[in-house]
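Notes follow once the structure below has been shown.
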Amino acid sequence: MRIILVNPRGFCAGVHMAIDVVDQLLDLCPDEPIYVYHEIVHNKHVVDRFRGRGVVFVEEIEEVPAGNILVFSAHGVSPQVRKIAQERNLTAVDATCPLVTKVHMEAIRYAKQGYQILLVGHADHQEVVGTRGEAPDAIQVVESPEDVRHVSVRDPEMLVYLTQTTLSTDDAAVIIEAIQHRFPQVKAPPTEDICYATTNRQGAVRAIAPECDLTLVVGSRNSSNSKRLTEISENVGCRARLIDDVSEIDPTWFEGVERVLVTAGASAPEDLVAELVRKLVNDYDAEIEVRDITTEDTEFGIPATLKRMMRERGVDPTGRRIHIQRPDITADLYGGVPVTIGVTG
Ligand code: SF4
């Protein structure tokens, strides 16, 4: 069996930043409780590891005692949530991914200009809930081409669509086509809302999955971008399974399989990928091939509130940027098996 490890995979710049924020706070405030509104990123292992270090995850702001530190997750929050945090005198550290904030800003700007907004996304996803909260009277969420038929539009000349950052590029294209078909004058966002990390991870799967018999995506079930990777693989004819970790693999999946594509959602830690690869190497005598499809160099700085807290505690925040590292491909990490670097796709 051959394992094709595709790049890019795993942590994106937004996830790196959000995780680093909580890490930094744990170091900076060892005697204070750290609360996080919703999961910091949609990954069970990341959340469990932070829980093990004392971080408290809450679903309602009211659960956070007044005056405490509260982190907003990478998916962003609505203005209403920010207001409640302020009223409760919480120290709010905003770990929202800047690419999600960009969509919020677009929603605010278009709503102020009098546009109605069709927000393409999953209505119950935290990111969409947060964006919608920026302009609830102007935004209608569309999840499917069917939804497009039912939206009510005052003036088709004053209509714009925006999208959730982690959609399937395949699905989004179909919904956007339905919007453009019904409202030919609809305005597109100034730049693509589906983020670079989503696009690149999906592009890598789309490029390599047709050569493979099975795709394994490491990621949690509530991770939108991880689920989309399985769908992209299935769309190009390669069956796919989403697993939180190696314990979920089923030996029957590998019957007759010669090539397995291994990737990970933007919130899945690389050590879980390495553990999966080691298991496949041990159980199936698999060889490893790495395929680089796109290189990434996006990085985000830490939030202003955290910088201020650092200064107040005598820590110099200068130069604290989140550097993205390409997932390690040393043979040691993957069970001592030599790693072949494949042709860049
Ligand atoms: S998947 Fe994209 S939008 Fe979401 S945190 Fe990562 S970079 Fe930001």
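The values are calculated or read from the model by the stated rules, or taken from the named source; none is laboratory data. Please read these numbers as outputs of a predicted model, since none were measured by experiment. In this analysis, Cβ positions are derived from the backbone assuming ideal geometry, glycine residues included, and neighbour counts consider all displayed protein chains.
A few notes on this one:
- Close pairs (6 angstrom Cβ cut-off, 6 or more residues apart or separate chains): over 16 Å from V218 (Cβ atoms) in the stretch 279-293, of a type in the set (S, T, N, Q) anywhere: E289/T340; D292/N7; D292/T344
- Residue match in the stretch 246-253 (condition: touching a helix residue (DSSP H, G or I) at 6+ places or on another chain (Cβ under 6 Å) and either crowded, with 22+ Cβ neighbours inside 10 Å or at pLDDT 95 or above (or both)): yes
- Positions within the stretch 222-262 being part of a helix (DSSP H, G or I) and basic (K, R), in sequence order: K227, R228
- Residue that is surrounded by the fewest Cβ atoms within 10 Å (Cβ to Cβ), among those in the stretch 97-127 that are without any contact (Cβ under 8 Å) to a residue 40 or more places away in the chain and within 12 Å of the ligand (Cβ to nearest atom): T101
- Odd one out for E87 among (1) over 24 Å from A197 (Cα atoms); (2) touching a residue at least 12 places away in the same chain (Cβ under 8 Å): (2)
- A single entry from R206, R221 fulfils the requirement of being of a type in the set (K, R) and either within 16 Å of the ligand (Cβ to nearest atom) or more than 22 Å from E287 (Cα to Cα) (or both): R221.
- Of all residues making up the stretch 151-169, the number that are surrounded by fewer than 20 Cβ atoms within 10 Å (Cβ to Cβ) and aliphatic (A, V, I, L, M): 3
- Residues satisfying the stated conditions in the stretch 173-203, i.e. in a helix (DSSP H, G or I), away from the ligand (no atom under 14 Å from the Cβ) and out of contact with any Leu (no Cβ under 7 Å at 6 or more places or on another chain): A173, V174, I175, I176, E177, A178, Q180, H181, R182
- Test: residue in the stretch 70-82 that is assigned to a strand (DSSP E or B), surrounded by 20 or more Cβ atoms within 10 Å (Cβ to Cβ) and away from the ligand (no atom under 16 Å from the Cβ): yes
- Top-ranked residue in the stretch 1-53 [being within 16 Å of the ligand (Cβ to nearest atom) and of a type in the set (S, T, N, Q); ranked as surrounded by the fewest Cβ atoms within 10 Å (Cβ to Cβ)]: N7
- T294 satisfies every condition listed in (1) in a strand (DSSP E or B); (2) at pLDDT below 95; (3) of a type in the set (V, I, T); (4) within 16 Å of the ligand (Cβ to nearest atom) except (1).
Condition check ((1) surrounded by 12 or more Cβ atoms within 10 Å (Cβ to Cβ); (2) modelled with pLDDT of 90 or more; (3) within 22 Å of the chain's Cα centre (by Cα); (4) not in a loop (DSSP other than H, G, I, E, B)) across all residues:
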| residue | (1), (2), (3), (4) |
| --- | --- |
| A274 | yes, yes, yes, yes |
| K279 | yes, yes, no, yes |
| E289 | yes, yes, no, yes |
| T298 | yes, yes, yes, no |
| G314 | no, yes, no, no |
| G319 | no, no, no, no |
| P327 | yes, no, yes, no |
| D332 | no, no, no, no |
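- Scanning the stretch 147-172 for residues that are within 16 Å of the ligand (Cβ to nearest atom), of a type in the set (S, T, N, Q) and not in a helix (DSSP H, G or I) returns T163, Q164, T165, T166, S168.
- Residue match in the stretch 195-208 (condition: modelled with pLDDT under 95 and closer than 26 Å to Q126 by Cβ): no
- Annotation note: of A172, A204, the sole residue that is in contact (Cβ under 8 Å) with a residue 12 or more places away in the chain, under 23 Å from F11 (Cα atoms) and crowded, with 23+ Cβ neighbours inside 10 Å is A204.
- Residue tally, condition of a type outside the set (V, I, T) and buried (at least 24 other Cβ atoms within 10 Å of the Cβ), over the stretch 185-201: 4
- Residues in the stretch 1-38 that are under 28 Å from I293 (Cβ atoms), assigned to a loop (DSSP other than H, G, I, E, B) and not basic (K, R): 5 in all.
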